[in-house]
């Protein structure tokens, strides 16, 4: 008698055929075209109560949010290109920009004022300045009125390189602003300031997250 048991066939789950809407499949096969609209980011209305906003206003607000997102994306691409061209980090570039503006406006920059602007410690500022000086981007000089301190200056070579590339590109914002009427600029200024205030409101959770990270 054959003691071997016949092999049992494994059950295979076969999904029922799905009726595919070809037009819908083609429509949603690529990336979303709207990344920053309220409907795209909050379809269930959990973040925003939009019940009192008309459909026409919603569409216009979505177009505005999308335009702001496209501006942010353009700024990110420019920032990345700037860092790659100058071969510097974000904090380094912020430091150089601060030195350029301070020099243009007649302000004396010290290590402490630079640290306060960048929001970093004095030790980190010293390392940053040592690195920038070693690479020929800044020079330390005696302070004009305080013998105990030094003033920080960007070198002419780095200033020229930044001005003729990154600076020239950033200056193109002026053309966009100049094309607006005074009344339109007032509206844009009010909107941008209002938006900044909204984004700063209720951000206490960020500080709480930083505290938890430090405790770990």
Legend entry - Sorted by Cβ neighbour density within 10 Å, fewest at the top, the residues 50, 59: 59, 50
Inset, instruction - Starting with the fewest neighbours, write out 112, 79, 145 ranked by other beta-carbon atoms found within 10 Å of each beta-carbon. - result: 145, 112, 79
Inset, instruction - Note the full-extension length gain between residue 78 and residue 53 as 0.36 nm times their separation in residues minus their Cα-Cα distance, in nm to one decimal. - result: 5.5 nm
Inset, instruction - Name the shape class, rounded, prolate or oblate, that the alpha-carbon gyration tensor gives for the stretch 108-216, where a ≥ b ≥ c are the square roots of its eigenvalues, rounded holds for a/c under 1.5, and otherwise prolate holds if a/b is larger than b/c and oblate otherwise. - result: oblate
Legend entry - Simple spin-label estimate for residue 91 and residue 184 in nanometres, 7 Å along Cα-Cβ: 4.1 nm
Legend entry - Size-normalised alpha-carbon gyration radius of the stretch 91-168, reference 2.2 N^0.38 Å: 1.03
Inset, instruction - Take 35, 86 and order them by how many other Cβ atoms sit within 10 Å, fewest up front. - result: 35, 86
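Read-outs throughout are calculated quantities, based only on the coordinates presented, and are distinct from any laboratory measurement. Note that this is a predicted model, so its numbers are computed, not measured. Positions of Cβ are backbone-derived with ideal geometry, glycine not excepted, and every protein chain shown enters the neighbour counts.
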